[in-house]
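Heads up: the structure comes next, in structure tokens.
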Amino acid sequence: MGKLGLKVLMFSTDRNLFEEGSAVSERIKEYGRLVEELHIIVLCDKSHTKDLKIENGKLKIAEGVFLYPTNSSFKFMRPRNAASIGKKLVREKGFVRGQSLITTQDPFECGWAGLRVKKKWRLPLEVQLHTDPFSSEFSGHLNSVRKRLAKKVLPQADHIRVVSASLKSTLIHDSRFMIPDSKISVLPIFVDKNREKDMPTFDLHTRFGWKFILLTVSRLTEEKNLPLALQVLALLRQRYSSVGLVIVGAGPEEESLKKLAKTLNIERNVAFEGWQEDLASYYKTANAYIQTSRFEGYGMSLVEAGLSGLPVVTTPVGVANDMENGKELYICPQDDAGYFANAIADLIDNNSHRENLRINMKNFLNSHLLSKEDYLNQLKKNWQETASKVLN
């Protein structure tokens, strides 16, 4: 794959970039091989980099790939610090219009910083949209601020990269944006289709003894709405004695979820597994996947579950909205535990329904997901076209 003679300035909030060997670090190195230079400003605090050897404000992780932590004293200063570093880098590294671009991980804090640099140096701006800020469930004070930032940043972007067709449709038709189709491209988060070949190292049925096992892989945060999954399990337990729920993930809601499981008298049928590296064993030996999120930009865990052959029951969020209810998966209304329970009961009682969903989901994903080579080629094409938009 030929390298583009481009210089790319990226804004990110993913602190896993600092972790050698992490999935995001390895992915960014591959992106760096597409261009001449890739400079990534990471919005973070001093505490996040205290154990790193940062020299002259940067960390080289691969040839032509550099990380620049903002090392902000306060969280609210991160975007402003990022913009200042970005403006300086454009000048010092010799970014040239027509051969350079800015790309931001989101239209929020990163987007605000990227927009500041665009206005200073008149470089084209690509904004990535990985979540759904237009959902009514995207709520709370911080998300309200982020919605206002998105309304400001997105219309001023020269290119917007979204992860699903439904997000693109919203940008085109929502009266708050009305962004032209020509400015938007769909590039789903890369998921390696070969993961379905990974072999399990243990069986959940042997580990827990339940006959039918529901799985969810998720951060334990409010927007994932995992209390709904526990309520669904409580309803199922009234009809099936040997059904259980395995929750893989960690987060601030863990203790409250454990308390709720005890209140619902289902604590013996719920396993909190924390973060795990060996997800193949979970995906390959569970019986169904449940996603109860209030909103998702895409839903990588759902995709990984589908590739592994699990039938999926979900709320109408993320990539699920690009599929057909009853064909590739079951889509249930938000906060309707009874509807969820009935959908899962159908899977428990009907092997043919489970098999149809499993096969149709895998067929859908295999026909829609890109290979790594095609993904990188599409990313490269997006960057090349965006860089060519020389601003007056």
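The values are calculated or read from the model by the stated rules, or taken from the named source; none is laboratory data. Since this is a predicted model, take the numbers as computed values, not measurements. As a convention, Cβ positions derive from the backbone with ideal geometry for all residues, glycine included, and neighbour counts pool all protein chains shown.
At a glance:
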item	result
Unmet criterion (only one of (1) free of Cβ contacts under 8 Å to residues at least 60 places away in the same chain; (2) crowded, with 16+ Cβ neighbours inside 10 Å; (3) within 23 Å of the chain's Cα centre (by Cα)) for residue 20	(2)
Qualifying positions in segment 71-86 - surrounded by fewer than 17 Cβ atoms within 10 Å (Cβ to Cβ), outside any helix (DSSP H, G or I) and of a type in the set (Gly, Ala, Ser)	73
Condition met for residue 347 (not hydroxyl-bearing (Ser, Thr, Tyr) and not in a loop (DSSP other than H, G, I, E, B))	yes
Single residue of 236, 310, 230 found to be assigned to a helix (DSSP H, G or I), modelled with pLDDT of 95 or more and within 30 Å of residue 134 (Cβ to Cβ)	230
Filter pass, residue 282 being in a helix (DSSP H, G or I), surrounded by 23 or more Cβ atoms within 10 Å (Cβ to Cβ), at pLDDT 95 or above and hydroxyl-bearing (Ser, Thr, Tyr)	yes
Where a residue in segment 330-349 is surrounded by fewer than 19 Cβ atoms within 10 Å (Cβ to Cβ) and its partner, wherever it lies, is in a helix (DSSP H, G or I) and basic (Lys, Arg), with Cβ under 7 Å and at least six apart	none
Lone qualifier among 96, 153, 117, 145 - being in a helix (DSSP H, G or I), in contact (Cβ under 8 Å) with a residue 60 or more places away in the chain and among the β-branched types (Val, Ile, Thr)	117
Count of segment 324-344 residues which are in contact with a strand residue (DSSP E or B) (Cβ under 9 Å, 6 or more places away or on another chain), of a type outside the set (Phe, Trp, Tyr) and either closer than 20 Å to residue 229 by Cβ or part of a helix (DSSP H, G or I) (or both)	6
Matching residues, segment 250-288, being touching a Ser or Thr at 6+ places or on another chain (Cβ under 7 Å) and closer than 14 Å to residue 229 by Cα	253
Condition check for residue 163: in contact with a strand residue (DSSP E or B) (Cβ under 8 Å, 6 or more places away or on another chain), modelled with pLDDT under 95 and either β-branched (Val, Ile, Thr) or surrounded by 23 or more Cβ atoms within 10 Å (Cβ to Cβ) (or both)	yes
Options 67, 89, 59; residue that is buried (at least 18 other Cβ atoms within 10 Å of the Cβ) and modelled with pLDDT under 95	59
Filtered residues of segment 254-279 (kept if in contact (Cβ under 8 Å) with a residue 12 or more places away in the chain, surrounded by fewer than 19 Cβ atoms within 10 Å (Cβ to Cβ) and part of a loop (DSSP other than H, G, I, E, B))	264, 265, 275, 276, 278
Subset of segment 232-248 (residues that are under 16 Å from residue 335 (Cα atoms) and surrounded by fewer than 21 Cβ atoms within 10 Å (Cβ to Cβ))	234, 235
Of all residues in segment 204-221 being in contact with a Ser or Thr (Cβ under 7 Å, 6 or more places away or on another chain) and part of a helix (DSSP H, G or I), the one that is farthest from residue 296 (Cα to Cα)	205
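Yes/no per residue for (1) buried (at least 22 other Cβ atoms within 10 Å of the Cβ); (2) in the same structural domain as residue 233 (by TED's automatic domain parsing); (3) outside any helix (DSSP H, G or I); (4) among the hydroxyl-bearing types (Ser, Thr, Tyr):
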{"residue": "293", "(1), (2), (3), (4)": "yes, yes, yes, yes"}
{"residue": "296", "(1), (2), (3), (4)": "yes, yes, yes, no"}
{"residue": "303", "(1), (2), (3), (4)": "yes, yes, no, no"}
{"residue": "316", "(1), (2), (3), (4)": "no, yes, yes, no"}
